[in-house]
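Structure, as structure tokens:
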Amino acid sequence: MSSNDLNNLINKCKSAGGETMNECIKKANEYNNRITTDSKNKVYPWINYDWDYTTYVDNNYNSDVTGSTPNGSWSNLLANPKAMLKIAKGFITEPNPSDNSTAGEQDQLDCNAVASHNRAGCNALKEIRHMYRTQPKPKNSPFLNEKLDGKKSSSYYYQTGYCISNKINNETDCINSQGKWYPDSILGDKCYKNRYALIKNEPGIDFKKLGDNALTKIANGLSGSLEGNAVSVVGDLLSFSPNNLIDIVNLKNTRDFILEPCIEYMTGNYKEHFNNKESKVFYKTLAIFMVLCLLIMSFITISHHIIR
């Protein structure tokens, strides 16, 4: 994105005005930083990474959708219990994202439903979000072919390190293979290729995390109907149990963290090459950061519904 394109985008936010103008400008700068810096290929796709759980909840469980009302009429004696049942389903059974979700759609505000003075700003924010749809895959790899919509609309790939090649011995071949050539006085000049992990943020809970016995197998067989927000929060917390965190630090797959194998022209010595103190600190920091994000997101979502 050129400086002129960024300025035009920011000016569009300013022209839209409204209460979301500053947020729009922030998102415009964020988009520019993500696609023009080293962050460009750190996450794929960024639009899934930005899945807005809170807005999805607002869109699907607000008073207009559920039919709840503070009016104490006789007809509402039936309407409000139905509304409470709908909200309860959101906590327990109805997934977020859902089967028909697409990142940038169901988790975006309906701009026709916001106050008139905020509609232009809402549309400008949606336009910026949709610009991420043109993000190309960071490299050609079957590992990056996962279908990331529906219940997987908040799942994404995250760069976790590199694989190293012992076959490519010159910079030209390295670049042509979508790798990066790094001179190294100790290891010698090497070709590196970004390695990714699939972060699976699917709703629901995997009871096998609680153990592998007959009861958890039965519970897991029934868990397809338990995909609501509250249940999913429990499932996310279980994903960061000590055993799972240790597996991630040791570069092992878990249910929600799938590492790309070092194949093609790359060697299988990734673990030996990168399994040093610095990489372990990185993965521990990443795990702690993700736990904190999940806890904050869960607290905000639950608090929002209690207040409403």
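The values are calculated or read from the model by the stated rules, or taken from the named source; none is laboratory data. Nothing here was measured: the structure is a model prediction, and the numbers come from that model. Please note: Cβ atoms are built from the backbone with ideal geometry, for glycine as well, and neighbour counts cover all protein chains shown.
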query: In region 160-189, what count of residues is obtained for those that are farther than 30 Å from D256 by Cα and out of contact with any Ser or Thr (no Cβ under 7 Å at 6 or more places or on another chain)?
result: 18
message: Anything in region 28-46 that is in contact with a strand residue (DSSP E or B) (Cβ under 9 Å, 6 or more places away or on another chain) and in a helix (DSSP H, G or I)? List them, or say none.
response: R34, N41, W46
message: Let me confirm something: among Y192, Y182, which residue is surrounded by fewer than 20 Cβ atoms within 10 Å (Cβ to Cβ), within 30 Å of K137 (Cα to Cα), modelled with pLDDT of 80 or more and in contact with a Gly (Cβ under 8 Å, 6 or more places away or on another chain)?
response: Y192
statement: With the first residue restricted to region 140-156 and required to be modelled with pLDDT under 90, and the second required to be surrounded by fewer than 21 Cβ atoms within 10 Å (Cβ to Cβ), Cβ contacts under 8 Å at 6 or more apart or on different chains are N140/Q178; S141/E264
field: Qualifying positions in region 18-27 - in contact with a helix residue (DSSP H, G or I) (Cβ under 8 Å, 6 or more places away or on another chain), farther than 16 Å from Y49 by Cα and part of a helix (DSSP H, G or I)
entry: M21, E23, C24, I25
- prompt: Any idea which of G90, G161 is modelled with pLDDT under 90, under 21 Å from the mean Cα position of the chain (by Cα) and part of a helix (DSSP H, G or I)?
  reply: G90
task: Report whether or not D149 is among the acidic types (D, E) and within 30 Å of A197 (Cα to Cα).
output: yes
- prompt: Restricting the search to region 114-162, which residues are closer than 23 Å to Y56 by Cβ, of a type in the set (S, T, Y) and surrounded by 21 or more Cβ atoms within 10 Å (Cβ to Cβ)?
  reply: S153, S154, S155, Y156, Y157
task: May I ask you to list pairs of residues, at least six apart or on different chains, whose Cβ atoms are under 7 Å apart, with the first in region 91-108 being within 19 Å of I205 (Cβ to Cβ) and the second being surrounded by fewer than 15 Cβ atoms within 10 Å (Cβ to Cβ) and among the polar types (S, T, N, Q)?
output: T93/S225
- request: Could you check, for region 208-218, whether at least one of its residues is at pLDDT below 90, closer than 30 Å to Y53 by Cβ and in contact with a Leu (Cβ under 6 Å, 6 or more places away or on another chain)?
  value: yes
